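Heads up: the structure comes next, in structure tokens.
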Amino acid sequence: MKFKAVYLMIVLALVATLMAGCASAQTATPATSSGNEGQSAKPATSNEEYIYVSCMGNLEFFNAHKYGWKWAGEVLGVKTSYVGPAEYDLNAMVAAFDQAIAKKPAGIVVFAVEPVLEPVINKAVDAGIPVVTILGDLPNSKRLAFVGSRQFDLGYVGGKKLAEALGGKGKVAILSIPGVQMFDEREQGYRAAFSEYPGIEVVQVGDTKADTVTAISVAKDILQRHPDLAAFVGTDSTGGIGAATAVKEAGKVGQVKTVAMDRNSDVLQAIQDGILTGTVAQDDAAMAYWALLVLYNYNHHQAPLTVDNAKAGVRTGPTIVYMSVNYIDKSNLQYFLDANKLYVP
């Protein structure tokens, strides 16, 4: 019995010693490092700022971008700001870009609408600020990457949907902004889709000049020139709504189909009213998120292509991120209408 008692006391003492050792191991600070101490430490980014530079901020189209940009900042834990003129004023946009550079942000996203922006993009990069282009691209600049739609795909998806609605035959007019690369590429996409249907003929291309009033006038003129017109397509929202208005005033709703571009509320309402057949939607809110994500990962999560990417003069990560293309008609319309309400500043 005495032996058993002594044995029990020894066992209890050993257990107590082991428990004390475990507790001290959990609370003690290691005196040595394995060399991986930086891998688990996250950078403090709450004061890190990223700036979106744009123009035409008064257009409803950019509401989703503004929303997505703000949401992206909240998701990644960084500051975001949106700057630029409300109108299509490239001089004011360049000035806003210069002001953004002066703030020395962690990165800039820019709506690369015209080549006039190339020098200021290069200026930012030379100052050590990475730049991502969005919506439009300027690949000859020093931009880090482009995030946006493949413009050809926007037209191709719209063309296929319209061809299906027409049963593969009919005369079609394209309302576009000729001479501007992104819209020319959308037109090419439409033409490629139509080329798959021998019964479809493009009879005219009208220049809307990105103005709804002009688009309405041009669409009315086309209807007069081609009374047997079967459909319009618009490479931007003004073309779509201009065609819809002209068709309505001509009393040809249902007779002349129209596929628009983008998801502005007036475009969606026209679909709901049966004036527009459908519209092609860019992945706008997510586009802003992915643009910020490219910059954030460039700053914080570059894969080790070399032992020191910066000193080696190499970059990692995507140079082009193409976003999804979606089509809106009455089957999914309400979801987009509700989102537009969510995006209102």
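The values are calculated or read from the model by the stated rules, or taken from the named source; none is laboratory data. Because the structure is a prediction, the values reported are computed rather than measured. Neighbour counts run over all protein chains shown; Cβ positions are idealised from the backbone, glycine included. These accessible areas exclude ligands, DNA and RNA; they are computed on the full protein's heavy atoms, side chains included. Shrake-Rupley method; radii C 1.70, N 1.55, O 1.52, S 1.80 Å.
Observations, loosely collected:
- Filtering region 45-55 to residues that are open to solvent by less than 40 Å² (accessible area, probe 1.4 Å) and part of a loop (DSSP other than H, G, I, E, B) leaves 45, 48, 54, 55.
- Hey, residue 85 part of a loop (DSSP other than H, G, I, E, B), buried (at least 16 other Cβ atoms within 10 Å of the Cβ), touching a residue at least 40 places away in the same chain (Cβ under 8 Å) and not aromatic (Phe, Trp, Tyr) or not: no
- Hits in region 129-142 (condition: surrounded by fewer than 24 Cβ atoms within 10 Å (Cβ to Cβ) and touching a residue at least 24 places away in the same chain (Cβ under 8 Å)): 129, 130, 136, 137, 138, 140, 141
- For region 180-208, the set of residues classified as open to solvent by 30 Å² or more (accessible area, probe 1.4 Å) and β-branched (Val, Ile, Thr) consists of 180, 202, 203, 205, listed by residue number.
- For region 226-280, the set of residues classified as under 20 Å from residue 183 (Cβ atoms), open to solvent by 10 Å² or more (accessible area, probe 1.4 Å) and either among the aliphatic types (A, V, I, L, M) or more than 31 Å from the chain's Cα centre (by Cα) (or both) consists of 241 only.
- The single condition among (1) surrounded by fewer than 20 Cβ atoms within 10 Å (Cβ to Cβ); (2) touching a residue at least 12 places away in the same chain (Cβ under 8 Å); (3) farther than 30 Å from residue 106 by Cβ that residue 159 does not meet is (1).
- Residues that are more than 18 Å from residue 163 (Cβ to Cβ), in contact (Cβ under 8 Å) with a residue 60 or more places away in the chain and touching a strand residue (DSSP E or B) at 6+ places or on another chain (Cβ under 9 Å) do not occur anywhere in region 196-206.
- Taken over region 299-343, the criterion of being open to solvent by 90 Å² or more (accessible area, probe 1.4 Å) and in a loop (DSSP other than H, G, I, E, B) is satisfied by 301, 304, 305, 307, 315, 330, 331.
- Considering region 101-125, the residues that are modelled with pLDDT under 95 and either assigned to a strand (DSSP E or B) or not aliphatic (A, V, I, L, M) (or both) include one that is surrounded by the most Cβ atoms within 10 Å (Cβ to Cβ), namely 114.
- Of the candidates 199, 128, the single residue that is at pLDDT 95 or above and under 30 Å from residue 254 (Cβ atoms) is 199.
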